[in-house]
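Here is the structure we will look at.
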């Protein structure tokens, strides 16, 4: 047996052991599916694949509660199910770049500093419901995770948003461009994303408040990608109608078509 074949065999053995040790009980899985319509509406095969990925995710990641919060099995599975939607066809290895997930009860206020063009440093506070840092950890506000079933119609999902950033930063740069197979794919991605982003920013700058995507996406291409990913998975029909080219781009990359019935 060659080294490559041996490596694949060991990886399969590791995954099968993780699936046994971190199997999700039926009542718990059914409760999570029922709580999030964007998961419930997926096909039986999709939900089965997602459940398997969740077990692998739980085996590889470490959850930490902040401010006295205890992360229960129900909370961990709810987070895993949403986090694994973007990698349903990409595979669990796409999240190998980090381990820790920190869960706060609610939004947090983080001190920030920025330097202006004159070199003057300005301090301010930023309210966060989630944050992904290169190499981890990923921070999430449980209140927003829990409400994801209700906020889906607004194309809002903090878990998918932050894990889109994780995928974006896989090449070491947060620029709205995830890892792609070759230079041609990257060029096509950048061309489409930049065009969609510029048109979106123009709408926001003119005061258009009818956009499906969160205006926060106008902060930069990296945030535009993250809010677009939210919409793609939780409000796919709306994204396909409002941004067909962007929807097609994401569908090709994620190898999913969630707007299809």
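The values are calculated or read from the model by the stated rules, or taken from the named source; none is laboratory data. Everything numeric in this text was worked out from a predicted model, so none of it was measured. Reconstructed Cβ throughout: ideal geometry from the backbone, glycine too, with neighbour counts over all protein chains shown.
Applying a threshold of 8 Å to beta carbon distances and a minimum spacing of six or more residues, or different chains, the list of pairs starting in region 69-84 at a residue that is surrounded by fewer than 17 Cβ atoms within 10 Å (Cβ to Cβ) and ending at one that is assigned to a loop (DSSP other than H, G, I, E, B) reads 69/105. Screening residue 128 against (1) within 19 Å of the chain's Cα centre (by Cα); (2) on the phi < 0 side of the Ramachandran plot; (3) modelled with pLDDT of 95 or more leaves a single unmet condition, (3).
Could you tell me whether any residue of region 27-43 is touching a helix residue (DSSP H, G or I) at 6+ places or on another chain (Cβ under 7 Å), closer than 23 Å to residue 235 by Cβ, buried (at least 19 other Cβ atoms within 10 Å of the Cβ) and free of Cβ contacts under 8 Å to residues at least 60 places away in the same chain? Yes, there is a match, as at least one residue in region 27-43 is touching a helix residue (DSSP H, G or I) at 6+ places or on another chain (Cβ under 7 Å), closer than 23 Å to residue 235 by Cβ, buried (at least 19 other Cβ atoms within 10 Å of the Cβ) and free of Cβ contacts under 8 Å to residues at least 60 places away in the same chain.
In region 61-68, is there at least one residue being crowded, with 16+ Cβ neighbours inside 10 Å, part of a helix (DSSP H, G or I) and touching a helix residue (DSSP H, G or I) at 6+ places or on another chain (Cβ under 7 Å)? Within region 61-68, not a single residue is crowded, with 16+ Cβ neighbours inside 10 Å, part of a helix (DSSP H, G or I) and touching a helix residue (DSSP H, G or I) at 6+ places or on another chain (Cβ under 7 Å).
In region 8-21, is there at least one residue being touching a helix residue (DSSP H, G or I) at 6+ places or on another chain (Cβ under 8 Å), surrounded by fewer than 11 Cβ atoms within 10 Å (Cβ to Cβ) and modelled with pLDDT under 95? Checked region 8-21: at least one residue is touching a helix residue (DSSP H, G or I) at 6+ places or on another chain (Cβ under 8 Å), surrounded by fewer than 11 Cβ atoms within 10 Å (Cβ to Cβ) and modelled with pLDDT under 95. Taking the listed residues 48, 31, the one that is assigned to a helix (DSSP H, G or I), at pLDDT 95 or above and more than 20 Å from the chain's Cα centre (by Cα) is 31, with no other qualifying. All conditions but one from (1) farther than 30 Å from residue 44 by Cα; (2) surrounded by 11 or more Cβ atoms within 10 Å (Cβ to Cβ); (3) out of contact with any helix residue (DSSP H, G or I) (no Cβ under 7 Å at 6 or more places or on another chain); (4) at pLDDT 95 or above apply to residue 136; the one that does not is (4).
For residue 226, the requirement of being out of contact with any strand residue (DSSP E or B) (no Cβ under 7 Å at 6 or more places or on another chain) and assigned to a helix (DSSP H, G or I) is met.
None of 107, 131, 117 is surrounded by 13 or more Cβ atoms within 10 Å (Cβ to Cβ) and farther than 30 Å from residue 30 by Cβ except 131. Looking only at residues of region 189-200 that are surrounded by fewer than 21 Cβ atoms within 10 Å (Cβ to Cβ) and touching a residue at least 40 places away in the same chain (Cβ under 8 Å), we find that the one that is farthest from residue 77 (Cα to Cα) is 195.
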